[in-house]
1. So how compact is segment 17-86: Cα radius of gyration and Dmax in angstrom?
2. Rounded to the nearest 0.05, what FRET efficiency is calculated for residue 223 and residue 315 with R0 set to 45 Å and r the Cβ-Cβ distance?
3. Where does helix 328-341 land angle-wise versus the long Cα axis of the chain, in degrees 0 to 90, nearest 10?
4. Considering only 82, 229, 15, give the residue with the highest GNM mean-square fluctuation for the chain, with springs between Cα atoms whenever their separation is below 10 Å.
5. Counting DSSP beta bridges in the chain, what percent are antiparallel, to the nearest 5?
6. Per DSSP helix of 4 or more residues, -39500 (n - 2.57); summed, then divided by the residues of the chain. What does that give at 222 nm, rounded to the nearest 500?
7. Given segment 53-154, what percent of its DSSP beta bridges are antiparallel, to the nearest 5?
8. Students often get this wrong: which residues of segment 250-266 have the backbone nitrogen under 17 Å from the point 7 angstrom along Cα-to-C-beta of residue 344?
């Protein structure tokens, strides 16, 4: 238990910081409006789904089979098809970037039924300057062709076909909506930016305005100084997380299969760690603009690239994979994706929360060591 005088000083510092938050409009903008803006951009602007893929179609075979396959492509929501007889016209469109691939239906297309040793029934040409899009073109057209073959086989009196038809079933994200995968990760990125940016400016602002000299000349202890400044921003971070979660569930339809208790546990431990990061930066830097730039480099960019939010960690080189274990946001992204899409996997959530809490302890310890009550 803290002594009465220590409690009074702590509450006075918290009250002073609360007044400062309400007087400073930038704190409200960063904690409320910036998360909503980022959530809107991530919810609508970032997607791993590719619909209405622009492709060209060279139709060299006009048989009923070819016409049926063409209809399966034009009716698909995944393609916007431009049909030509002369492939040279489509080559120019591909060079200009107006289409992302070309599908050629050759003159021997209809013979693939009767000649199993025939050449490939279709040719796919993709724009390799965008690797991901080129892969989408290849896989989407291949999938469309396989589906068409299956439909044709079903409509041909099941001759020579097995009566066993495989059926794919997807767990946790049945509709394969990339938004459901990206939104939990985006919440972690938003809280990283908000938590680190808010606190990284706190002490730096005090030094710039000359009020830090007045604080260190009082009887306030280092622990009281750090706790008095951290707790109001901790509450502000929880409010931001609650707002973002509500918008994600109510507006974007993101399922929350875990409990609010588990969500509060992982959010609390992560905020503890990320606030420690921000306070350490603000203690080392006495200029707000430098503190904000360091925050972007140290906190936001690693979180965006190395947390597993967009890029699969298992596909990274080994040294980079090892580096990701030193980022608290990696554990937060994993916890949020589990809570929203799977549910309460307590073994995973407890482990991740414990790791993030240890990160927070270490960062606040460094902050206390670097916070000295002298002017030099």
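Bear in mind that the values in this text are calculations on the coordinates, not laboratory data. No experiment lies behind these values; they were computed from the predicted model shown. Counting neighbours? That spans all protein chains shown, and the Cβs are built from the backbone with ideal geometry, glycine included.
1. Cα only, segment 17-86: 24.9, 77 Å (Rg, Dmax).
2. Efficiency computed from Cβ-Cβ geometry: 0.55.
3. Tilt relative to the chain: about 60 degrees.
4. Result for the chain, Cα springs under 10 Å: 82 fluctuates most.
5. Values: 4 of 15 bridges.
Looking only at bridges with both residues in the chain, the antiparallel portion is about 25 percent.
6. Working: 16 runs with 232 residues, N = 376.
Mean residue ellipticity, 222 nm, calculated: -20000 deg cm²/dmol.
7. Antiparallel: roughly 25 percent of the beta bridges in segment 53-154.
8. Under 17 Å, as judged by backbone N against the label point of residue 344, lie 256-266 of segment 250-266.
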